[in-house]
Amino acid sequence: MQPLPLQQWDESLDHVVSDMNGRPLNVHSLMANHPELLNAWWSFRNYAVNGGALAQRDCELLVLRVAVDMQCWYEWASHVDRGLASGLTQEEIDRVQQGPDADEWNAHDAVLLRSVDELISERSITAATQQQLSQHFTAKQVMDIIVIHGMYVTLGCMIKTWGLVLDEAVENRLPDSVSQLEFEERVRGQR
């Protein structure tokens, strides 16, 4: 399956095109092959992209870690861009690839990243990590960690299943130090 050209989109998706200022991302164009799904998805997508109850910085750390765990370049690159806009430094973004045990993380960031890893590996957050999360996040925020994680796992599966290429506009905004080859080599070595 390929991204659907904009001129072939069902008119029920006009609100998506409008929300994206006439330039939907490739992942939206892929989902446009199933208008009912994209319509159902859209409100949740907008909630998740804005972090839900999480601070935007925390949301971007979460998504970047999902991208590492999924070995999904498309999501990594898209959220390097968004992460920088949320206030993350390039050093912090690079450190996400090392995981929650990297020395430089504070307790807040480390437990957030650990919860993402556990959701991937254990399909749940362990009691010990839940206890640590409760020191930094509300119950609503923990719920958002779980559902935003799930949304990006789903997107990662779609992206990887159909070999979706990164949007040129996103690629053009990436720092020169960020490359697909380097990302893939680094995350492959961690698994």
At a 10 angstrom cut-off on C-beta neighbours, averaged per residue, how do the peptides 59-65, 8-14, 137-143 rank from highest to lowest? 59-65, 137-143, 8-14
Given H placed on each backbone N at 1.01 Å, which residues far from Asn33 in sequence or on other chains put an amide H within less than 5 Å of it? Leu4
Per DSSP H run of at least 4 residues, take -39500 (n - 2.57); add these up for the chain, divide by its residues and hand me the 222 nm value, nearest 500 deg cm²/dmol. -19500 deg cm²/dmol
Share (percent) of C-alpha pair distances in the range 64-108 greater than 14 Å works out to 46 percent
Work out how far the C-alpha atoms of the range 1-81 reach from end to end along every principal axis, then list the three figures in whole Å, largest first. 35, 26, 20
Debye sum, Cα scatterers, the range 54-188, no solvent: what log₁₀ I/I(0) at q = 0.09, 0.10 1/Å? -0.24, -0.30
Distance between the range 116-183 and the range 19-54 - C-alpha centres, whole angstrom: 16 Å
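None of the figures in this text is laboratory data; all of them are computed from the coordinates on show. Just so we're clear, the structure is a prediction, and the values are computed from it rather than from any experiment. For neighbour counting, all protein chains shown are included, and Cβ atoms are generated from backbone atoms with ideal geometry for every residue, glycine included.
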